[in-house]
Amino acid sequence: MVKVWNLVAIMLSVLLPHVSSYDRPATRKNIVMHPSSNDPVSPEQVHISLVGPDKMRISWITKNSVMPTVVYGTTSGEYEGSANGTSSSYHYLLIYRSGQINDVVIGPLKPNTIYYYKCGGQSSTQEFNFKTPPSQFPIRFAVAGDLGTTEWSKSTLDHVSKWEHDVFILPGDLSYADLLQPVWDTFGRMVQPLASKRPWMVTQGNHEVELIPVLHRQSFTAYNNRWRMPFEESGSTSNLYYSFNVFGVHFIMLGSYADFEPGSDQYQWLEKDLKSIDRKTTPWLMAVIHAPWYNTNEAHQGEKESVDMKQSMETLLYNARVDLVFAGHVHAYERFNRVYEDKFDKCGPVYINIGDGGNKEGLAKNYRDPTPAISLFREASFGHGQLVVVNASHAQWKWQRNDDDVSVEKDSVWLTSLSADSSCQI
């Protein structure tokens with residue numbers, strides 16, 4: 001089967017255009033992970049995501065059909081709660097069919113509480129556990145984009161696992177399957193140790209598109225089936241853009257590869273979502289995109305997903321006083337000052353590019369010189385970010401570099417919420 005997929009990749013590389021316009025250095029090798037159990041109904045690729053203020057979606061895959069049921073409770077081995085959900089599967093070309101993808105929403109759940117759960121009901125032999133986010137400050141977010149399935153990816157995940165966090169944020173480009181669907185399975189197995197314990201909130205990147213003219217005309221097939229986010233709960237009509245709250249923080253997850261022009265569904269949804277925000281309830285407002293709007297790296301310059309989306313939506317975010325905008329796509333780290341329309345503006349968002357999770361394409365090492373004044377820190381290394389929202393007015397951001405297999409702090413800054421700055425009130 002691997003040889004077949006390699007042949008498909010070679011054929012498609014001839015048919016599809018190449019978008020890379022720069023040389024990336026070699027990275028560590030890709031990892032292939034197989035199921036840990038031969039049991040066809042054993043749950044694998046387990047991950048969780050937030051649904052509304054007090055619920056959690058449990059997602060997992062089985063080789064054979066099972067009842068999509070989750071039992072759960074606050075004591076190991078005792079499951080007073082039970083919920084049923086839905087199941088699905090998908091085909092890709094003529095040679096891949098996914099396992100049964102199960103989605104079950106459980107709750108209501110108590111904040112800052114460890115829950116034990118089984119996927120598939122009481123008879124399942126494997127117990128998992130997760131912790132719900134707190135209902136008070138501080139709140140801790142781990143952030144890394146462009147993850148992939150390499151040994152660098154594993155190093156990043158190992159570092160994240162050693163830092164106590166409440167939610168993981170991924171700004172697009174998850175598996176780097178690039179049409180080769182078994183890579184999605186490896187990715188699910190690789191992230192399960194973390195993603196089954198803390199909610200993962202993700203948005204799509206260009207590597208999730210996976211559209212092939214004539215042969216496979218539907219975009220985001222694997223992404224939408226495998227990584228269902230709470231879009232309906234936030235009034236969105238698409239899994240590619242949505243919003244959610246974690247106590248005093250409102251996150252807006254935007255779709256760089258969905259229509260973003262004025263009048264589009266995404267644009268109208270964003271306008272409505274921004275108007276619904278109460279900064280007294282959620283004093284922090286953050287956005288996540290994939291293709292960065294600000295970028296001094298030579299990589300990915302001039303792409304419409306960056307340039308046109310910025311032109312379309314930047315003023316909406318600025319007028320809403322968004323505090324932070326996370327992006328991926330560029331395989332390096334960069335932090336900007338508060339910016340609006342390419343200039344420093346104390347009421348604009350801080351832009352952070354963090355597409356440095358460890359993907360197979362390597363690092364984007366070439367930056368434009370001289371360094372623009374609005375770019376405060378930039379480095380082409382793999383790593384991850386740590387955001388601690390301390391209270392309603394202050395947060396600390398740190399970027400941790402993967403220095404071989406050791407996590408080393410290389411950038412740190414204290415941030416003040418724009419809702420706490422009287423001079424930025426509208």
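The values are calculated or read from the model by the stated rules, or taken from the named source; none is laboratory data. Keep in mind that this is a model prediction, so the values were computed, not measured. Counting neighbours? That spans all protein chains shown, and the Cβs are built from the backbone with ideal geometry, glycine included. Surface accessibility is based on the protein's heavy atoms, side chains included, excluding ligands, DNA and RNA. Shrake-Rupley method; radii C 1.70, N 1.55, O 1.52, S 1.80 Å.
Observations on the model:
- Only one of the listed residues (409, 341) is loosely packed, with under 15 Cβ neighbours inside 10 Å and either on the phi > 0 side of the Ramachandran plot or of a type outside the set (Asp, Glu) (or both). That residue is 341.
- On inspection, residue 273 fails the criterion of being surrounded by fewer than 16 Cβ atoms within 10 Å (Cβ to Cβ), among the acidic types (Asp, Glu), at pLDDT 95 or above and out of contact with any Lys or Arg (no Cβ under 9 Å at 6 or more places or on another chain).
- Which listed residue, of 373, 291, 380, 320, is in contact (Cβ under 8 Å) with a residue 60 or more places away in the chain and either surrounded by fewer than 24 Cβ atoms within 10 Å (Cβ to Cβ) or closer than 21 Å to residue 248 by Cβ (or both): 380
- Residue match in the range 115-129 (condition: under 22 Å from residue 203 (Cα atoms) and not in a loop (DSSP other than H, G, I, E, B)): no
- Cβ-Cβ under 7 Å pairs, at least 6 apart or on other chains, the range 22-42 side closer than 18 Å to residue 98 by Cβ, far side of a type in the set (Lys, Arg) and at pLDDT 90 or above: 33/189; 40/63
- Filter pass, residue 164 being closer than 21 Å to residue 409 by Cβ and surrounded by fewer than 21 Cβ atoms within 10 Å (Cβ to Cβ): yes
- Residues that are surrounded by fewer than 12 Cβ atoms within 10 Å (Cβ to Cβ) and either among the hydroxyl-bearing types (Ser, Thr, Tyr) or at pLDDT 90 or above (or both) within the range 14-28 comprise 20, 21, listed in sequence order.
- For residue 353: the one exception among (1) out of contact with any Ser or Thr (no Cβ under 7 Å at 6 or more places or on another chain); (2) among the polar types (S, T, N, Q); (3) open to solvent by 50 Å² or more (accessible area, probe 1.4 Å): (3)
- Residue match in the range 277-284 (condition: part of a strand (DSSP E or B), within 21 Å of the chain's Cα centre (by Cα) and not small (Gly, Ala, Ser)): yes
- For the range 71-81, the condition holds for no residue, the condition being that it is under 26 Å from the mean Cα position of the chain (by Cα), in contact (Cβ under 8 Å) with a residue 12 or more places away in the chain, not assigned by the TED database to the domain that holds residue 242 and not in a strand (DSSP E or B).
- Sole residue being free of Cβ contacts under 8 Å to residues at least 40 places away in the same chain, under 29 Å from residue 176 (Cβ atoms) and assigned to a loop (DSSP other than H, G, I, E, B), chosen from 301, 311: 301
- Against the numbered list (1) in a strand (DSSP E or B); (2) open to solvent by 70 Å² or more (accessible area, probe 1.4 Å); (3) of a type in the set (Val, Ile, Thr), residue 214 comes up short only at (1).
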